[in-house]
Amino acid sequence: MKFQRSSGILLHPTSLPGPYGSGDLGQAAYHFVDWLLAAGQKLWQMLPLGPVGYGNSPYMGLSAFAGNPMLIDLQELCTRGWLDARELAGAPECNPKRIDFARMIQFRSEILSRASDGFFTHASDSDGKAFETFCKEHRDWLEDYALFMALNTRFKNKVWSEWDSDIAHRKPSALQKIKSSLTNEINFHKFTQWCFARQWKSLRKYANKKGIHLVGDIPIFVAHDSADVWSNPNSFYLDNDLNPTVVAGVPPDYFSETGQRWGNPLYKWNIMKKEKYAWWIKRFQATFDLVDILRIDHFRGFVGYWEIPATEKTAVKGRWADGPREGLFNAVEKKLGKLPIIAEDLGVITPEVVSLRDKFQFPGMKVLQFAFSDGPANAFLPHQYHENSVVYTGTHDNDTTVGWFKAATKAERSFLTQYVRTDGREIHWDLIRLALRSVAVMSIFPFQDILGLDSEDRMNLPGTTKGNWEWRFSWDQVHPEHASRLYQETALSSRTSPDRLELPAS
């Protein structure tokens with residue numbers, strides 16, 4: 001699919017300012033859309049939007065279809081009359097620069113429970129009908145998700161394979177019996193999904209009216225402790241106790257000498273092929289109901305993926321196994337048409353991966369922090385790009401550009417300063433400018449790089465499980481020159497309207 005030359009910002013909604021422990025879909029999200037417009041940006045990229053599980057990682061979500069209820073704008077629930085605004089006044093004090101997930105989730109969950117009670121007690125007829133319609137339209141995933149979440153609470157957050165055997169194995173009689181005792185809990189989770197969907201639809205409509213497209217992110221793999229695996233166990237390599245026999249990861253690379261052992265269960269692609277990839281088609285459709293463009297994380301895994309025995313503690317002892325290749329994307333395209341997809345083609349890339357990417361005309365990714373390690377032939381240098389690519393200064397897995405430059409080798413710093421002709425004092429703007437002026441059709445920057453932040457503000461450190469995904473900014477860090485400078489650099493690079501571009505008189 002042909003993309004428009006443009007640029008944008010990578011910022012997960014949880015990183016937005018807000019009074020209740022993390023960013024959400026409230027006022028700050030709309031204000032950020034306005035900021036993007038003022039800065040000449042057309043893209044807002046974010047991480048996966050599902051409810052988070054292990055390690056608070058968006059890439060280890062509890063469902064591939066559900067939205068994260070922690071993103072619900074609580075104040076909007078007050079305006080609906082389902083919640084007393086005085087209840088929000090009891091929010092615990094929070095660090096505006098970091099998310100304390102335990103405190104935030106506890107407070108927001110309690111408030112959402114009260115709002116759910118308020119809705120089911122005195123919802124208007126129109127709201128009640130809208131809720132029922134939502135539940136019917138999304139029944140194919142919502143029923144299993146809501147029951148999974150209710151059971152998760154009933155079994156005190158144990159991994160589902162450790163639940164009562166008949167429940168874990170989905171014996172119909174056992175499910176029916178326990179489901180009848182969890183009606184209120186199930187309705188609560190349906191309610192939160194409806195709230196998320198309503199609020200997200202409103203935000204997307206607002207952004208699209210301003211000319212801002214939302215860029216989503218879909219992980220290739222799902223978490224073992226998820227509604228997806230519990231409800232589709234035959235599609236994954238699991239043992240008799242319903243635990244993974246092999247798990248996903250990547251071999252040793254730039255980020256880690258022992259590779260990355262992600263721990264996700266692996267798909268039985270032969271089963272999914274027999275089912276004409278129906279689950280994947282539904283997954284793509286559900287995600288495109290939320291976003292305009294979709295980045296597929298770990299795209300190379302569709303050609304070949306790193307299979308690690310579940311008994312291994314690192315990713316060193318693994319092997320490459322075949323993915324579905326073009327069969328999956330042919331099925332998706334046949335059903336949904338050509339889709340605006342970005343292929344995250346980082347890591348160990350083979351000619352087969354390039355061939356699959358190019359066959360479907362998906363733009364690949366270029367990361368400038370990878371560009372200066374081995375001379376002018378480096379594929380991440382802008383003079384090596386082709387138009388159908390997306391360039392980033394860094395991703396959510398990278399250090400901030402300021403932090404990366406401080407830690408770079410002497411050789412990297414020397415090559416970079418020569419290549420860009422800079423003294424390095426504003427290295428973040430140097431790389432932003434370099435990305436904008438490249439031929440890549442899209443250029444995207446973590447918001448930390450716009451603000452010139454250091455390593456303590458990075459989003460994630462691969463291979464670690466603590467302290468990640470917590471970063472937030474506050475509006476007092478954002479100054480008028482951030483938007484005006486970015487607008488000027490963007491307009492000079494033909495990525496936005498030059499209407500406000502100020503050029504010196506001739």
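G53 - would you say it is in contact with a strand residue (DSSP E or B) (Cβ under 8 Å, 6 or more places away or on another chain) and over 30 Å from S443 (Cβ atoms)?
Values: in contact with a strand residue (DSSP E or B) (Cβ under 8 Å, 6 or more places away or on another chain): yes; over 30 Å from S443 (Cβ atoms): yes.
So G53 passes the test.
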Original post:
Applying the selection to the stretch 390-413, what residues are within 21 Å of the chain's Cα centre (by Cα) and either over 20 Å from M46 (Cβ atoms) or part of a loop (DSSP other than H, G, I, E, B) (or both)?
Top reply: T393, G394, T395, H396, D397, N398, D399, T400
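Quick check on the stretch 280-311: of everything there that is assigned to a strand (DSSP E or B) and of a type in the set (V, I, T), which residue is nearest to the chain's Cα centre (by Cα)?
Filtering the stretch 280-311 for residues assigned to a strand (DSSP E or B) gives 293-297, 304-309.
Then keep just the ones that are of a type in the set (V, I, T); that gives 293, 296, 308.
Values: I293: 12, I296: 10, I308: 24 Å.
Across the stretch 280-311, the extreme among qualifying residues is I296.
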**OP:** For K334, work out the one condition from (1) of a type outside the set (F, W, Y); (2) under 21 Å from the mean Cα position of the chain (by Cα); (3) not in a loop (DSSP other than H, G, I, E, B) it doesn't fulfil.
**Re:** (2)
**OP:** Tell me which of these W141 doesn't satisfy, since it passes every other one: (1) surrounded by 13 or more Cβ atoms within 10 Å (Cβ to Cβ); (2) without any contact (Cβ under 8 Å) to a residue 24 or more places away in the chain; (3) assigned to a helix (DSSP H, G or I).
**Re:** (2)
Original post:
Name the pairs whose Cβ atoms lie under 8 Å apart, with the first residue in the stretch 373-399 and more than 30 Å from E470 (Cα to Cα), the second among the β-branched types (V, I, T), and 6 or more positions between them or separate chains?
Top reply: P382/V391; P382/V439; Y385/V391; Y385/V439; H386/V439; E387/V439; E387/V441; N388/V441
Subject >> Filter result for S161 (over 22 Å from P48 (Cα atoms), assigned to a helix (DSSP H, G or I) and not charged (D, E, K, R)) >> reply: yes
Original post:
How do the helices (runs of 4 or more DSSP H) wholly within the stretch 423-506 filter down when requiring 1 or more residues that are at pLDDT 95 or above and over 23 Å from the mean Cα position of the chain (by Cα): which remain?
Top reply: 427-436, 480-492
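So which of K317, K334 is free of Cβ contacts under 8 Å to residues at least 12 places away in the same chain and closer than 23 Å to N270 by Cβ?
On the way: K317 fails: closer than 23 Å to N270 by Cβ.
Exactly one residue qualifies, and that residue is K334.
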**OP:** With the checklist (1) buried (at least 20 other Cβ atoms within 10 Å of the Cβ); (2) assigned by TED's automatic domain parsing to the domain that holds H396; (3) farther than 26 Å from N157 by Cα in hand, flag the one item T14 doesn't pass.
**Re:** (3)
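Keeping to the stretch 157-182, report how many residues are exposed (fewer than 12 other Cβ atoms within 10 Å of the Cβ) and within 30 Å of the chain's Cα centre (by Cα). Can you show your working first?
To start, the set of residues in the stretch 157-182 that are exposed (fewer than 12 other Cβ atoms within 10 Å of the Cβ) comprises 157, 172-173, 176, 180-181.
Okay, now just the ones that are also within 30 Å of the chain's Cα centre (by Cα), so 157.
So the count comes out to 1.
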Subject >> Options L203, L266; residue that is modelled with pLDDT of 95 or more, out of contact with any Lys or Arg (no Cβ under 6 Å at 6 or more places or on another chain) and under 21 Å from K313 (Cα atoms) >> reply: L266
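The values are calculated or read from the model by the stated rules, or taken from the named source; none is laboratory data. Predicted model, so just to flag it, every value in this text is computed and none were measured. Neighbour counts are summed over all protein chains in view; Cβ atoms, including those assigned to glycine, are modelled from backbone coordinates with ideal geometry.
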